[in-house]
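Structure record follows, encoded as C-alpha cells.
The values are calculated or read from the model by the stated rules, or taken from the named source; none is laboratory data. Predicted model, so just to flag it, every value in this text is computed and none were measured. A quick note on method: Cβ atoms are made from the backbone with ideal geometry, for glycine too, and the neighbour counts reach across all protein chains shown. With ligands, DNA and RNA removed, areas are computed over all heavy atoms of the protein, side chains included. Shrake-Rupley method; radii C 1.70, N 1.55, O 1.52, S 1.80 Å.
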Amino acid sequence: MSTSLSLALLLLQSNNSHVWLLAGGLGVGLFIAVLVVLFFIRRFFENTREAQQKNLVTARTENPSTFMAASMQGVIQKLREQEKELEHLHRIEKERAEQTERLSEEVTRNMPAGLLIVNATGIISSANPAAEQALGIQGLSFRRYSEALGESSELTKLLSECLAEGKIFRREQVEHHAPAEKIGEPRECRHLGVTISPIRRGVGKINGAICLMMDLTELAMLQQRVQLKENLASLGELSAGIAHEFKNALATISGYAQMIRSEASGEEATDYAQKILDQTRNITHVITEFLKYARPLEISDEHVPLKPVVDRIVSEISDAMPGIRIRSEGAFQSVPGDEGLLRQALLNLARNAAEASIGAANGGRVLLRGEVVRGSETGFQRITIFDNGPGIPNTARGKLFRPFYTTKANGTGLGLAVVQKIVIQHGGQVDARNRSEGGAAFIVTLPVCVELPEAVESKKALSEN
C-alpha cells in the first residue's frame, strides 16, 4: 500500500515538470512569432513608402507640368482665400467710410452757420444750404468764387487775400449785395459775419480756404433801431429846451421886423425888414421840422389798409406834378400803426422820387410797387418806390438818413430822417439803392397785420349767435 502511494507521487511530480516545460516552450514560440509578424509589417510599410517616394520622383522627373500645375493650384487656392479675406476687410472699411461721409454731409447740411470751401484754384468745392441762403445765391458748388460773389464784393477780397497770403480773418463784418429776385429790382444788401481760414497741407502750401458765415442783417437792423431810439431820446430832451428858446427869440425878432417894416419911411428899410421876416420864417420852419424829428411819436395801434393810402398819394402827386407819370402796382395789405404817419412817410418818398425824375430824357416816371412776403411765422409788406432820375451819388448813399443832410438847394435835411424814424417805430426798415438801368429805389418794409385764431373763432361764434 505504501509502495503504491510512493509510485503515484513520483508519477505526479514527473508530469508537473513536463507541463511547465511545455508552457515555457509555447511562450517562447509565441514571442518569436510576434517578432516575425512585426518585422514583416514594418518591412511592408517601408516598401510602400519607398514605392510612393519612387513614384513621386518618377512623377517629378517624368511629368513636371503636372507637378507645377498641382503646386500652382495650391498657391491659387491660398490666394483666393486671402482675396476673400481682403474683400471682407475692404467692405467693412468702405461701409465705415460711407457712414462717416454721410454723417459729415448731414452735419454740414444741417449747420445753422454757412460753410463755404474754396480750393486753391478758386473754385467753390462745397457750400451748405445755410451759405446759399445767407448769400442769396443758389448752386454755389463748382463755380469760381469771384464770379459767384462778384469781383467787387468785400467777401471776394477777403477770400483772395486768404488764398494768396494765408491770412486768417476772425469775426469780420462785411456787406454783401444779393442778386435781385426779379429783373429791374435793386439788389438786397446783407450784413454778414465771417471767419476765414486757409487750408494747409504740409508747411507753407495753401490748398484752399474755409469760410464760416452768419447772416447778421436782422441783428444789424435791430442795433440800428436801438441806436436810433437812444439818439432820438437824447436829442428830444436836449432839443426841447433849445428849440423853445430859439422860437422865443425868433418871435421877438419877427415882431421887431414887422414894426420896422410898418414904420419905415424908406423903401430900403422896408426891404431889409421883409428879408428879416423871411429868414425868421425859414428858421422857424426848420425848428418845427426838427421838433417833429426829435419829439417821440405817439403811434396809434390800428389796422391801416395800404391800398387806399397809396392810391391817394398817387392822385396827389399827379395833381401837383402833371409832368410826372406815376402809378402803383402789386399787392398791398393792411399793416399795424398810424395811418397819418405812414401816409406822411410814403408821400415824402414819392414826392422826392417825382422831384428827382424832373428833367429825365423820356419824361419822369415813378412807380410804387407792393409785395407781400410770407415767412415761416409771419409776413411783411414791402413797398418799393422807383424813379428814373439821376440816382443817388456814391458820396451821399451813407448819409441820406442823417438829420440836416440834404442834396437839395432849399431842403432842410430832415425829410428822410423823419421817414426813417416813422418806419422804424412801426417795426420796419427803409433802405435806398441805385437801379442798374438808372434811377433810384427806396424800399420800405413793414410787418403785416396778424389775425389771431382766437379772434377768428370768437367772430365766428358771434356771427352764429
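Some notes on this structure:
Per-residue answers, yes or no, for (1) among the charged types (D, E, K, R); (2) touching a helix residue (DSSP H, G or I) at 6+ places or on another chain (Cβ under 7 Å):
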residue: 134; (1), (2): no, no
residue: 142; (1), (2): no, no
residue: 145; (1), (2): no, yes
residue: 166; (1), (2): no, no
residue: 174; (1), (2): no, yes
residue: 196; (1), (2): no, yes
residue: 200; (1), (2): yes, no
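- Selected residue (criterion: modelled with the highest pLDDT) from residues of segment 411-450 that are open to solvent by less than 30 Å² (accessible area, probe 1.4 Å) and polar (S, T, N, Q): 445
- Pair list, Cβ < 8 Å and 6+ apart or interchain, from segment 300-311 residues that are polar (S, T, N, Q) to residues that are part of a strand (DSSP E or B) and open to solvent by less than 10 Å² (accessible area, probe 1.4 Å): 300/337
- Looking only at residues in segment 184-210 that are farther than 16 Å from residue 174 by Cβ and assigned to a loop (DSSP other than H, G, I, E, B), the one that is modelled with the highest pLDDT is 205.
- From the options 424, 383, residue that is farther than 30 Å from residue 279 by Cα, assigned to a helix (DSSP H, G or I) and of a type in the set (Val, Ile, Thr): 424
- One residue stands out among those in segment 100-126 that are modelled with pLDDT of 80 or more and either assigned to a helix (DSSP H, G or I) or of a type in the set (S, T, N, Q) (or both): the one that is nearest to residue 137 (Cα to Cα), which is 126.
- For the criterion of being touching a residue at least 24 places away in the same chain (Cβ under 8 Å), over 24 Å from residue 308 (Cβ atoms), in contact with a Phe, Trp or Tyr (Cβ under 8 Å, 6 or more places away or on another chain) and open to solvent by 40 Å² or more (accessible area, probe 1.4 Å), residue 403 passes.
- Residue 271 being more than 17 Å from residue 446 (Cβ to Cβ), at pLDDT below 90 and open to solvent by 30 Å² or more (accessible area, probe 1.4 Å): yes
- Qualifying position, being closer than 28 Å to residue 104 by Cβ and assigned to a helix (DSSP H, G or I), among 159, 140: 159
- For segment 297-333, the tally of residues that are open to solvent by 20 Å² or more (accessible area, probe 1.4 Å) and either small (Gly, Ala, Ser) or touching a Phe, Trp or Tyr at 6+ places or on another chain (Cβ under 7 Å) (or both) stands at 9.
- For residue 262, the requirement of being small (Gly, Ala, Ser) and within 28 Å of residue 420 (Cβ to Cβ) is not met.
- The requirement of being aromatic (Phe, Trp, Tyr) and either touching a Ser or Thr at 6+ places or on another chain (Cβ under 6 Å) or over 15 Å from residue 211 (Cβ atoms) (or both) is fulfilled somewhere in segment 130-146, by at least one residue.
- Only one of the numbered conditions (1) out of contact with any Lys or Arg (no Cβ under 9 Å at 6 or more places or on another chain); (2) modelled with pLDDT of 75 or more; (3) open to solvent by 40 Å² or more (accessible area, probe 1.4 Å); (4) of a type outside the set (Val, Ile, Thr) is violated by residue 213, and that is (3).
- The residue that is nearest to the chain's Cα centre (by Cα), counting only those in segment 116-134 that are touching a residue at least 60 places away in the same chain (Cβ under 8 Å) and within 17 Å of residue 206 (Cα to Cα), is 116.
- Qualifying residue in segment 334-355 (condition: in a loop (DSSP other than H, G, I, E, B), aliphatic (A, V, I, L, M) and open to solvent by 20 Å² or more (accessible area, probe 1.4 Å)): no
- Tally of residues being open to solvent by 80 Å² or more (accessible area, probe 1.4 Å), within 20 Å of residue 219 (Cβ to Cβ) and not charged (D, E, K, R) across segment 152-174: 1
- Verdict on residue 391 being of a type outside the set (S, T, N, Q), part of a loop (DSSP other than H, G, I, E, B), within 13 Å of residue 445 (Cβ to Cβ) and touching a Lys or Arg at 6+ places or on another chain (Cβ under 9 Å): no
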